[in-house]
Amino acid sequence: AIPKLQAAGLRFVAFRAGTVGQIRRVVDIAKQHPLVSVVLQWTGGRNGGRHSFEEFHIPILQTYSLIRAQPNVVLVAGSGFGDAESALPYLSGSWGELFERTCMPFDGIMLGSRVVCALESPAALEVKSLIAETRGIDGYDLPALFTDNAGGVVSVLDVDGVPVHVVANRAALLCKELSDTVFSQPRDKQLALLQSRSSEIAARLTADYMRPWFATRDGEPVELQDMTYAQILNRLVELMYVASERRWIHPSYRNFVSRFGERTGMRLIAASVEFVPQVPPAHYDPVLDEIDTVMRMLPTAHTQLIASEDIQFFLNMCQRPGQKPVPFVPVLDEHFADYLMLDTCWQIEDLRSVAGDDPHQRVLIRQGPVSVRHTTIPNEPLADILNGVHRGLVNGLLAEQYGGSMDRVPVAAYVGRDPADCKKLPGPAADASGFSTERTYRLSHDASLLPSDGEAWASMLCGAHKCWLHALLTAQVIVRGTQHVSNYLPQVLRPRAGRSFSVSVDESSNAPTAVTVYAENGTKELDISISDASRVALRIHHDNGLIQRSVCLEFTYNPRTPLAPIHEDVAASDENVRQFFADIWLLASDDAPAVEGLDDGEMAFVSRGIAVTSDKVAEYCRSVGIDLPAYPPNTDQATSVPMDYLSVLALPNVFRTLTAPGVYSNLLHMVQTRNVTELVSGVEPLMIGDAVDVVTRVVEVSGQDSGKTVVIRATIHRGTDQLATVHTTFVFLGASVDPLHAFRFTTEPNMVVSFKTANDIAVLESKE
């Protein structure tokens, strides 16, 4: 699975470990995949939610050397943190001194429990307020971790027997009692224990838990067999439907009620003989209308107790695979732990779905006994939380490591890996020469001798400097607008046979300022340079024999964002690409002087008097492999033209339309998906020597899942006659469309209405 994740572009694979054995298994996984960064999130016994019974520090003391011996393991302290003061000893490593060890730093910390109370968290405000009121315990207070109530947090058993830390509200205390008295006992004894306390458990569930006892009559708990069909349907709607918001808690609950309503109808329909008139629907939901119809047309539903077969049907539906666990406990049987504990996290976000008063006391709120003490403000913005931790860590490290003096802090270009130690390329891969301000590398003409190590090649170009060029060649992604895209710049500057790489160097700092790549014949292929310490320009030069042009992609080097220090200037780069393609496609066109824009708001162009010559048709036939005696260059007497040549006549105007400001998106991400040529019937075909006019206009701009779709229609005219229509569809991958600017022109067919009598005309004239 890890190679698949790596192929999908994931740079890190994370595992949460709570015991020494789990730590060793994570390290073994890292050994098997040395090229993948494996995050080991150590939680121990103080983790919010699922936890072990391990103290936080001792297992790390036992395995720290093992972890650090594996270089691709990223060690993260993953529980008990919420502010800078609690995190700093673990990031600096000074916590080890409390155990008479050397500094043992973690690579990072993880905040989980505190984020539950952030403004951006979907948890209900009442839940956040309850968390903020929970006092928690100190991280070194090992005995308190697993007591009945450690700082307002208790540990209960999850559905599969794993201990879970939750806030000690009424729901948690009920689960704690059941964990201690029932679920901790041998499985073969649990059912008898449950049934011996059935009345007590049913009452406690209804009073204290988010999943109440299902079977009730007049507010008192009963057994399922004591309820009528109508009582069951009403109870299902009560627990599965939020009447105040006119919504089902989950779509599967709607299906549940509908299926049991159908079952009720099939069971009781034979006993009902009365005619009940239809009434208008009373609800906004067809299932509720269906239930009302069953109640109205089957009066026996109010008196008939549920049959034993239907009890089993009901319980089978409660255990139906694929549906959300039911929000109630229907029976005390071997599935009681599932009814009680399965999928219990979501209701802290939807208290309206919880039956009964004070719902925040009825839900299970996962929080660690250590980390919960750091949360004191409900709905604190996440940015404030993270910025507060960040500022505290910076100030703490400054005081601890540098005596509080900024002058003692070492300066680095950006935070990242140092350049590889590579003084020269091995063997005859390249000849190096140069002066103090310029280095030149002439690569071998033998492709097999070219360097294959990307980091070594980057170090050759950059030297020993961690600079803009090193960031450009080693960054995993480029920030393009709001997206992260794979960094293609190392591929642009990759070693290629016969090329020469000239590196310009700043004489004072010896850092590179520009790289220029020359072809074997000495022509400049591309260059990349930095100006104003942050503006990076990549110029790719193009010479097609007719015209010479360069396209410039512009970037910003931002060392303050080390995970993605290269940011593309999207607007500038896109405009440069647009102008480049416009020049390459159109400046060499013979038809350029005859082009005019149609000022009709429809993004249209017209080219007039395009000559169809034998030379151009012959060039087209050679390029596409048409070798027929009817077409040039096979005969000097040829007069006909291939049908596909009509698309060639339309291309210059199609290109003009694609590069028009109102249509253009990044042409580097454009694909053509459709091209259809339709001939007009009854018109003489195109012949050599003809002169045609071409009109193109955009007929559709729309947004699709794949990107922005543009459809262009080109009509080709000879004199006053239309010869053909060419429809071409392009998709700009990843581009979006403002719905206000999306449109589609459609041509409706002519419709004929025949009036055969005077009465038909009179009817038409009578209409207003």
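Since every read-out is calculated from the coordinates, none of them should be taken as a lab result. Here the structure is a predicted model, which means the values were calculated and not measured. Cβ sites come from the backbone with ideal geometry, for glycine too, and all protein chains shown count toward neighbours.
Summary of computed values
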{"item": "Relative contact order [Cα under 8 Å, 6+ residues apart], the chain, whole percent", "result": "9"}
{"item": "Modelled FRET efficiency - R0 30 Å, TRP346 with ASN316, Cβ distances, 0.05 increments", "result": "0.80"}
{"item": "Lysines with Cα under 21 Å of LYS189, excluding same-chain neighbours fewer than 8 positions away", "result": "LYS176"}
{"item": "Compactness index (Cα Rg / 2.2 N^0.38 Å), the stretch 670-761", "result": "1.54"}
{"item": "Distance-filtered residues of the stretch 640-682 - backbone nitrogen under 16 Å, label point 7 angstrom along THR720 Cα→Cβ", "result": "none"}
{"item": "Along principal axes, Cα extents of the stretch 1-93, largest first, whole Å", "result": "37, 27, 25"}
{"item": "Dipole magnitude of the chain about its Cα centre (Cβ charges: Lys, Arg +1; Asp, Glu -1), debye to nearest 20", "result": "1640"}
{"item": "Length-normalised contact order of the stretch 696-768 in % [C-alpha pairs under 8 Å, at least 6 apart]", "result": "29"}
{"item": "Mean-position separation - Cα centroids, the stretch 7-82 and the stretch 87-114, in angstrom", "result": "14"}
{"item": "Gain in span if fully extended, LEU733 to GLU200, counting 0.36 nm per residue against the direct Cα distance", "result": "185.7 nm"}
{"item": "Relative contact order for the stretch 592-744, counting Cα pairs under 8 Å that sit 6 or more residues apart, in percent", "result": "25"}
{"item": "Principal axis dimensions, largest first and in whole angstrom, of the stretch 592-744 by Cα", "result": "53, 32, 30"}
{"item": "Footprinting exposure proxy for PHE314, PHE755 (fewest neighbouring C-beta atoms within 10 Å first)", "result": "PHE755, PHE314"}
{"item": "Compactness index (Cα Rg / 2.2 N^0.38 Å), the stretch 453-532", "result": "1.14"}
{"item": "Using alpha carbons only: equivalent-ellipsoid semi-axes of the stretch 59-120, gyration tensor based, whole Å", "result": "24, 14, 9"}
{"item": "Segment GLN579-VAL242, length gained on full extension (0.36 nm per residue, minus Cα span)", "result": "115.6 nm"}
{"item": "Residue-averaged 222 nm ellipticity for the chain, from DSSP H runs of 4+ at -39500 (n - 2.57), nearest 500", "result": "-9000 deg cm²/dmol"}
{"item": "Projected area, mean over directions - the chain, Cα convex hull, nm²", "result": "53.9"}
{"item": "Rh (Kirkwood; distinct C-alpha pairs) - the stretch 87-201, Å", "result": "17.2"}
{"item": "Long-range tail of P(r) for the stretch 218-328 (Cα pairs > 18 Å, %)", "result": "50"}
{"item": "Paramagnetic label zone (point 7 Å from Cα along Cα-to-C-beta, ARG408; backbone N under 20 Å) in the stretch 100-130", "result": "103-105"}
{"item": "At 0.692 mPa s and 37 °C, Stokes diffusion of the stretch 427-586 via Kirkwood alpha-carbon radius, µm² per second", "result": "198"}
{"item": "Length released on extending from GLU223 to ARG24, taking residue separation times 0.36 nm less the Cα-Cα span", "result": "66.6 nm"}
{"item": "Exposure proxy order (Cβ contacts within 10 Å, fewest to most) of TRP457, TRP585, TRP346", "result": "TRP346, TRP585, TRP457"}
